[in-house]
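> Mind having a look at this structure? Questions to follow.
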Amino acid sequence: MSFVRLVDFSQLAVNRVTRAHLDGPLVSLEVATGETYMAEPAAWERAQAFDIRGVIPAPPGYFVLDQCGGEDGQRDYLDTEPLIGWAVNAGGRATPVTPGGVDDYDRATLRPDGKVQHVDATYDSREAYATILGVDPLPPT
């Protein structure tokens, strides 16, 4: 269950909210009893992102790409972490799940066909994506 921090610093369970709308610079959150609570828009968006309603298992061969900093003067590089599923939030957004948990960083996904899927584009290969980022496609050996 996810909670949203309200402007009075209390918290409200996201699944209690029946209606949300902008009310000036804040978001008005209504619950079934008719009560209304106020939250910052960023707090509401963040809470919704983590209001996970289900997880879809990933087939084998999917990985999340992580840009890592090179050490001792080496270039940055792309490392991989197994993608084990997608967490689907209340708004329908699917977010990668790795062994470390739900990934909230909008990282790129390496697909089994070798293509790289990012939020804004699909790249033909890991190498093509690394070129766009200006990093090495593989960790140093």
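The values are calculated or read from the model by the stated rules, or taken from the named source; none is laboratory data. Every value quoted in this text rests on a predicted model; they were computed, and no experiment measured them. Note: ideal-geometry Cβ built from the backbone for every residue, glycine included; neighbour counts use all protein chains shown. What goes into the accessible areas is simple: the full protein's heavy atoms, side chains included, and nothing from ligands, DNA or RNA. Shrake-Rupley method; radii C 1.70, N 1.55, O 1.52, S 1.80 Å.
> If you check every pair at least six apart or on different chains, which have Cβ atoms under 6 Å apart with a residue in segment 64-79 that is modelled with pLDDT of 85 or more first and a residue that is among the aromatic types (Phe, Trp, Tyr) second?
What qualifies is Cys68/Tyr77.
> A further question follows. Can you run down the residue pairs with Cβ atoms below 6 Å, 6 or more apart or on separate chains, where the first is in segment 33-59 and under 17 Å from Asn15 (Cβ atoms) and the partner is open to solvent by less than 60 Å² (accessible area, probe 1.4 Å) and among the hydroxyl-bearing types (Ser, Thr, Tyr)?
Thr36/Ser28; Ala47/Ser2; Phe50/Ser2; Asp51/Ser2
> Any idea how many residues of segment 33-60 are out of contact with any helix residue (DSSP H, G or I) (no Cβ under 6 Å at 6 or more places or on another chain), in a helix (DSSP H, G or I) and closer than 17 Å to Ala94 by Cα?
Initial filter on segment 33-60 (out of contact with any helix residue (DSSP H, G or I) (no Cβ under 6 Å at 6 or more places or on another chain)): 33-46, 48-50, 52-60.
Within this subset, residues satisfying the condition of being in a helix (DSSP H, G or I) are 41-46, 48-49.
From what is left, the residues that are closer than 17 Å to Ala94 by Cα are 45-46, 48-49.
Residues in segment 33-60 being out of contact with any helix residue (DSSP H, G or I) (no Cβ under 6 Å at 6 or more places or on another chain), in a helix (DSSP H, G or I) and closer than 17 Å to Ala94 by Cα: 4 in total.
> Name the pairs whose Cβ atoms lie under 9 Å apart, with the first residue in segment 6-32 and in a loop (DSSP other than H, G, I, E, B), the second among the hydroxyl-bearing types (Ser, Thr, Tyr) and surrounded by 11 or more Cβ atoms within 10 Å (Cβ to Cβ), and 6 or more positions between them or separate chains?
Leu6/Tyr37; Val7/Tyr37; Asp8/Tyr37; Ser10/Tyr37; Ala32/Thr18
> Just the residues that are surrounded by 14 or more Cβ atoms within 10 Å (Cβ to Cβ) and either part of a strand (DSSP E or B) or at pLDDT below 90 (or both), please, taken from segment 83-100.
Gly85, Trp86, Ala87, Val88, Asn89, Ala90, Thr95, Pro96, Val97, Thr98
> Would you be able to say whether some residue in segment 111-131 is in contact with a Gly (Cβ under 8 Å, 6 or more places away or on another chain), of a type in the set (A, V, I, L, M) and not in a loop (DSSP other than H, G, I, E, B)?
no
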